[in-house]
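Below is one structure, written out as structure tokens; comments come after it.
Readers should treat all values here as calculations from the given coordinates under stated rules, not as data from a laboratory. Quantities reported herein were computed from a predicted structural model and do not represent experimental measurements. Cβ placement follows ideal geometry from the backbone for every residue including glycine, while neighbour counts extend to all protein chains displayed.
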Amino acid sequence: MKTILLSGLLVLCSSALAQTAPAQTAPATPAQPAQIPPVQAPPAQSQPQSQPAPAQPPAWAVCDAARDPKNYKDDDLWAVIINRGEGDWLFGESSYWGYRDANTAASKPYLQRFAGALRALGTELIIVQVPPKAAAEARHLGNGVPKTLDPQWAGETYARFVQMLGEAGIYAPDLLALYRAQPGDVPFFFERDHHWTPAAAALTSKAIAGYVAGRELLKDVPAVEFTLTQKARPNTQSLGGRVAELCHENVPVQEYQTLISTPKAEPGLLDDTTPRVMLVGTSNSFRQDEDSFAASLRHDLGRDVVNASVSGGGPWSALEQLVYSNDFRTSPPRLLIWEMNVEADFKGGLSQLIPAVRGGCAAPLGQAREVLPSQSSTALNLASGDYFSVRVSDPTLRTVPVKITDAAGTHTLTLNHQGQGTKSPLFFGELDAPASALAVDLPDTAGKVDLTVCKG
């Protein structure tokens, strides 16, 4: 049994959108928001007004096993089924996740410094924060929402987080506000999946294109015309699949129209054009052959877009892969679009990526090269904001503990690479307080290391 979702996106993507670029220091909302395309649903069978169609019992049901976290792996707890909404709508644990105000406030200086480090290389950062499903699709929640969960709170904290990004000087479209301003009832999310729809991706792309054009951020990047076509494909059923497996139910697979971008020029003419727009994101941006967001961006920006997103990699894996790559060092992108869909530990993650963006230093404050970890101790008078790198000889290492001695004593800072992130043997960290000594805290059996300390 299958249901079909047709997006009608070609109508949207062939029309021009005039927008006013928002101020850099405020959360940007286009003056004329993009129109999300209508859903072309199969024609309903008419019923006489005096004889309404009787309510049909659900063809499938959510069992207790699908609601029990014990039946999920630790990495899959976001998918624990919370409730079945109206019709065939499903909402999982992550559908209700919001943004803690304390973490939002603590994240601001790190995001601000990260954007500044990228600008020093000539790269402008745009953040796409996908809103919580329960907030965007509140009209489909039904009556089964637990009293302990509040979709309104999730939406309000999302709005405050996006506002913070604007205050940090980072353009981040408020997708919840843009979506709510659209006419009709076109879904932002799939009914039985936690991913956004191609229609939502197109809405986001139009907003970004309006901002980029208003700021002329890509005026020196060669333009490339793309056409958009559609292709029917089944959805991944990230939530419906759990019900089918755990409840032994026949949950219908939803088919939809994915977007495909094709350059109008002959492929050979594009060989000499270096892509200067990069997309790093989650499975919203790429999974299997689902590439609708990047396809929309190529069409709307009129530029090639390299989609380096990592399915199942969370907010960090794709970004880490890019920042640690040789290509980033030799040719950083003009525009970096970072898509994510959950609250993140920006302090922990960016305190390693900010120095990674800055890279090594020509005149180190201190250095221990090709030594065993027990010989790596470096005594220095270091200031808050100074940073360091550790290069290991064992390529399988994913974490490197570093002992830091400061006024409060000696403590350990653990540097790490994400599970699907870079395989680089290089790790970066920075100091958030003055320190007098650093040492790599690995056993000598881990092999030799390099420790380099740079001025912040």
Positive-end residue, the chain charge dipole about Cα centroid, Cβ charges, pick of ALA199, LEU259, ALA120: ALA120
Whole-number D in µm² s⁻¹ for the range 100-216, Kirkwood Cα-pair radius fed into Stokes-Einstein, 10 °C, 1.306 mPa s: 101
Backbone N under 14 Å from the GLU370 label point (7 Å along Cα→Cβ), restricted to the range 412-449: 448-449
Between helix 346-358 and the chain: long-axis angle, C-alpha atoms, 0 to 90°, nearest 10: 60
Among VAL80, ASN143, SER94 - extreme Cα towards positive end, dipole of the chain, charges at beta-carbon: SER94
Separation in nanometres of the label points that stand 7 Å from Cα toward Cβ, at THR412 and ALA265: 5.4
Cα point-scatterer Debye curve for the range 361-454, base-10 log of I(q)/I(0) at q = 0.14, 0.21 Å⁻¹: -0.45, -1.02
Dipole magnitude (debye, nearest 20) for the chain, charges at Cβ of Lys, Arg, Asp, Glu: 480
Pairwise FRET efficiency - ARG119 versus GLU225, Cβ, R0 = 22 Å, nearest 0.05: 0.15
Extension gain from ARG100 to CYS63, taking 0.36 nm per residue of separation minus the Cα-Cα distance: 10.2 nm
Helix 101-119 vs. the chain, principal-axis angle (Cα, 0 to 90°, nearest 10): 70
For the chain, share of DSSP beta bridges that run antiparallel, in % to the nearest 5: 70
C-alpha center-to-center spacing [the range 163-232, the range 406-456] in angstrom: 38
The range 372-395-the range 119-138 distance, computed between alpha-carbon centres (Å): 34
In range of the label at SER393: residues from the range 438-456 whose backbone nitrogen is under 20 Å from the point 7 Å along Cα→Cβ: 439-453
Dipole of the range 361-454, positive end: most advanced residue of SER377, HIS417, LEU431 [Cβ charges, Cα centre]: HIS417
Helix 198-215 axis, angle to the chain major axis (alpha carbon atoms, nearest 10°): 50
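On full extension of the chain, what length is gained from GLN420 through ASP432, given 0.36 nm per residue of separation minus the C-alpha to C-alpha distance?
Additional length available on full extension: 1.6 nm.
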Where only C-alpha atoms are counted, convex hull volume of the chain per residue in Å³: 171
Nearest-0.05 FRET efficiency for LEU380 and GLU156, computed from C-beta distance (R0 51 Å): 0.65
